[in-house]
Structure formats: C-alpha cells, structure tokens
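Here is the structure we will look at, set down as structure tokens.
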Amino acid sequence: MKKIGITGGIGTGKTTVAKIFNLLGIPIYMADHQAKLLTEQDQQLKTSIISLLGEKAYQGSKYNTSYVAQQVFQNKQLLEDLNKLIHPAVQSHFENWCLLQNSAFILKEAALLFETGSYKSLDYTIVVESPLELRLQRIRQRDPHRSESDILKIIDKQMSQKEKIALADELILNDETQLLIPQVLRLYQKFSS
C-alpha cells in the first residue's frame with residue numbers, strides 16, 4: 001500500500017482535495033484533526049503539554065486552542081517544543097491507522113508534512129497551491145474570527161509554498177481557473193496502478 005502525503009499552506013484547499021480522493025474510496029488520515037483529538041485523549045501527551053504551557057492549555061478536559069496559539073505564535077522556541085510533543089504522537093497514531101487500511105494507497109493530509117519530517121515515511125507527496133489573495137478570501141470565510149493580520153502571521157510562520165513545491169512529487173493547482181477533479185483523477189490513476 002502506497003502512502004501519499006498531501007499538504008499546502010493554510011487556505012490552499014488541501015482538505016477539499018483530500019475529500020475528493022475520499023469520495024473515490026481512498027482512506028484519508030487527517031493529521032491536524034487527529035492531533036487535536038490526541039491532545040485531549042492521550043493522557044501522556046496532555047501531561048507533557050501542561051508541563052510546557054501550564055494549566056491554561058486546557059479548559060477542563062478541552063484543549064484550549066486559542067490560548068495555546070497565543071502562546072506559541074509569539075515564541076518560536078515554544079512552538080518547536082510543542083511540535084516535538086505532538087508530532088511524534090501523531091506519527092505513531094498514523095502508523096497504527098495504516099495497519100488497519102486495505103487500499104491501493106492512503107492519503108495523509110497535514111499542514112506540516114515537510115516541517116515535521118513526516119514526509120520521509122511516505123512514498124509520494126502532493127502540494128496544493130493557491131494564490132495568496134484567494135487563500136486569504138477562503139480563510140476569512142471559514143474563520144471569520146481571524147483578522148487579516150492574524151492570517152498573514154500564520155502564513156508567515158508556515159514554510160513557503162515555493163519551498164513546499166520544491167520538495168513535492170506532485171502539484172495540484174487550486175486557483176479556480178483549473179478544475180480540481182481532473183487533477184485528482186490523474187493522481188488517483190497514477191497511485192492506483
């Protein structure tokens with residue numbers, strides 16, 4: 001079974017592309033979603049996060065995303081330390097999940113595929129690319145609580161699209177001038193054979 005990673009900066013549409021693959025019957029591991037679940041369900045991880053960020057990292061049993069984001073986006077070292085806790089837990093969970101799948105290939109959708117080094121355990125990688133203005137528009141619609149300044153700070157903290165494309169095996173252009181489904185079908189056929 002081939003393991004395919006799919007990534008792209010915030011607002012590029014990587015989740016939309018993953019959903020198209022899923023409609024074709026391909027199992028999708030949503031790494032960012034699983035990371036959120038693990039922060040609340042994995043007691044060892046939870047304890048480590050509290051040690052790093054303090055009790056405010058949780059509101060009761062719920063991961064306090066806004067507090068954590070506020071802390072780590074102001075402190076690069078804190079962000080790196082948090083990632084060193086979360087990403088190994090996600091990678092271990094992903095490997096166990098793969099053992100339960102029965103498909104020609106699976107997709108791992110993750111925002112930080114290259115940054116964490118998890119792409120090295122995959123057979124191929126796909127980057128979804130979109131123009132910045134379109135990304136901003138999508139994020140403002142999806143996350144109306146975020147200001148444009150906040151969105152640009154998130155984008156600035158991520159690896160550049162140019163760097164991601166240089167590391168990728170395949171590119172899907174999601175700029176609303178080219179259809180997504182034919183691009184996905186081409187890759188579906190390639191990875192299914």
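Values quoted throughout were computed directly from the atomic coordinates according to the rules given, and no laboratory measurement underlies them. None of the values given here were measured: they were computed from a predicted structure. Cβ sites come from the backbone with ideal geometry, for glycine too, and all protein chains shown count toward neighbours.
Considering only the range 19-30, I want to know if a residue exists there that is in a helix (DSSP H, G or I), more than 20 Å from residue 138 (Cβ to Cβ) and among the polar types (S, T, N, Q).
no
Checking the conditions here, which among 46, 56, 84 is over 18 Å from the mean Cα position of the chain (by Cα) and either free of Cβ contacts under 8 Å to residues at least 12 places away in the same chain or part of a loop (DSSP other than H, G, I, E, B) (or both)? Please lay out each step first, then the result.
Details: 46 fails: either free of Cβ contacts under 8 Å to residues at least 12 places away in the same chain or part of a loop (DSSP other than H, G, I, E, B) (or both); 84 fails: over 18 Å from the mean Cα position of the chain (by Cα).
The match here is 56.
From the list 105, 114, exactly one residue is over 16 Å from the mean Cα position of the chain (by Cα), touching a residue at least 60 places away in the same chain (Cβ under 8 Å) and buried (at least 16 other Cβ atoms within 10 Å of the Cβ). Which is it? Full working, then the answer.
Details: 114 fails: over 16 Å from the mean Cα position of the chain (by Cα).
105 is the lone residue from the list that is over 16 Å from the mean Cα position of the chain (by Cα), touching a residue at least 60 places away in the same chain (Cβ under 8 Å) and buried (at least 16 other Cβ atoms within 10 Å of the Cβ).
If residue 148 satisfies every condition in (1) touching a residue at least 24 places away in the same chain (Cβ under 8 Å); (2) more than 17 Å from the chain's Cα centre (by Cα) but one, which is the exception?
(1)
Inspect the range 63-82 for any residue being closer than 30 Å to residue 169 by Cα and aliphatic (A, V, I, L, M) and give the result as yes or no.
Yes, the range 63-82 has at least one match.
If the Cβ limit is 8 Å and pairs must be 6+ apart or interchain, which residue in the range 163-184 that is in contact (Cβ under 8 Å) with a residue 60 or more places away in the chain and farther than 18 Å from residue 136 by Cα pairs with which residue that is among the small types (Gly, Ala, Ser) and not in a helix (DSSP H, G or I)?
164/8; 164/9; 180/13
I need a count of the residues in the range 19-59 that are over 26 Å from residue 121 (Cβ atoms), surrounded by fewer than 14 Cβ atoms within 10 Å (Cβ to Cβ) and of a type in the set (A, V, I, L, M).
Selection size over the range 19-59: 1.
Would you confirm whether any residue within the range 156-175 is among the basic types (Lys, Arg) and within 17 Å of residue 15 (Cβ to Cβ)? Write out each step before concluding.
First, the residues of the range 156-175 that are among the basic types (Lys, Arg): 157, 162, 164.
So of that shortlist, the ones also within 17 Å of residue 15 (Cβ to Cβ) come out as 164.
Checking the range 156-175: at least one residue is among the basic types (Lys, Arg) and within 17 Å of residue 15 (Cβ to Cβ).
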